[in-house]
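Reviewing the structure listed below.
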Amino acid sequence: MRRSSAAGALMLTLGALIWGTAFVAQSLGMEHVGPCAFNGARSFVGCAALLPVIFAGDKLRAKAVKPEARKAYAWSNPALLAGGALCGLFLSAATLLQQAGLLYTTVGKAGFLTSLYIVIVPVLGIFLGRRGGAKLWVAVALALAGAFLLSVAGEELRIQLGDGMELCCAVLFSFHILVIDKFSSRVDCVKLSCVQFFVAGAVSALAAVVLERNSFTWAGLAASWGPLLYTGVLSSGVAYTLQILGQRRLEASAASLIMSLESVFAALSGWLVLAQPLTLRELFGCGLVFAGVILAQLPGQREKSGNKLSI
């Protein structure tokens, strides 16, 4: 594996670790506010958390980057604004459906149904002319089987309201991954992440005003300050930025496999932190997901071509 690909895989794995441990915070946050208000607030927190990083990066880049090359990193870059807006729209829709779906279905079924982006991304890639090899599809099958064993084996699989929301969420996350894949090599990744959070926050806040008028209060947000800080700074600001930085180094299909480790880390954190032991079946499922991720990253996979911006 090339050094840049290894760095991208490490970034995505760290992001999956943060997402996997954030489910508790997301559940606690909805005790005081609705899903729209919670997602809006965490998105704005994530946006604000990135501003000092962007300011420092611009200062360093002013000395290290030639003037003619700074246009790609500028706020006025049309690709940054268009990509950030698209990412923000898909991210807000996906996270709102994921959060709201948890009100109507179990966490296990929600985790499995959301993880179907493991399959959706490479399928959509076929229509974009990106045909993965046999190794990728074997890796997808391993990860999907592992997610099934880890999440919902033995549970009722009838699709209900919450399940439908999580399925739609998986489709939207798939498009989010593909949009990042298109724009991440053309713009400043941290600024792209900041723009997407601002857009996602604005959309979610508007939805909260319309749909959660009675429960959208400052007192509720204040009571949720702990979960909001954790999910806003780490799950949003850090993890989604790591996703953008990591995806510029990897194919979207391989990236989606690594991000599916989120379900594994969620189960392991519940075991280690909350004393919720994993069954033999669940441990086997974790192993299958890890095997799929490792297989997808073995030498020989098709690398992205073309020039890419440095961090």
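Readers should treat all values here as calculations from the given coordinates under stated rules, not as data from a laboratory. From a predicted model like this one, the values you see are computed outputs, not experimental measurements. Cβ placement follows ideal geometry from the backbone for every residue including glycine, while neighbour counts extend to all protein chains displayed.
Shown for 19, 218, 225: other C-beta atoms within 10 Å of each C-beta, ranked fewest to most, produce the order 218, 225, 19. In this calculation the C-beta distance from residue 141 to residue 271 is compared with R0 = 22 Å, giving a FRET efficiency of 0.30. A simple spin-label model places the labels of residue 61 and residue 130 2.3 nm from each other, with each point 7 Å out along Cα-to-Cβ.
The fewest-to-most ranking of 42, 248, 130, 281 by surrounding Cβ atoms within 10 Å reads 281, 130, 248, 42.
When a/c reaches 1.5 or more, the comparison of a/b and b/c decides; with that in mind, is segment 165-299 rounded, prolate or oblate per its Cα gyration tensor?
Since a/c reaches 1.5 but b/c is at least a/b, the shape of segment 165-299 is classed as oblate.
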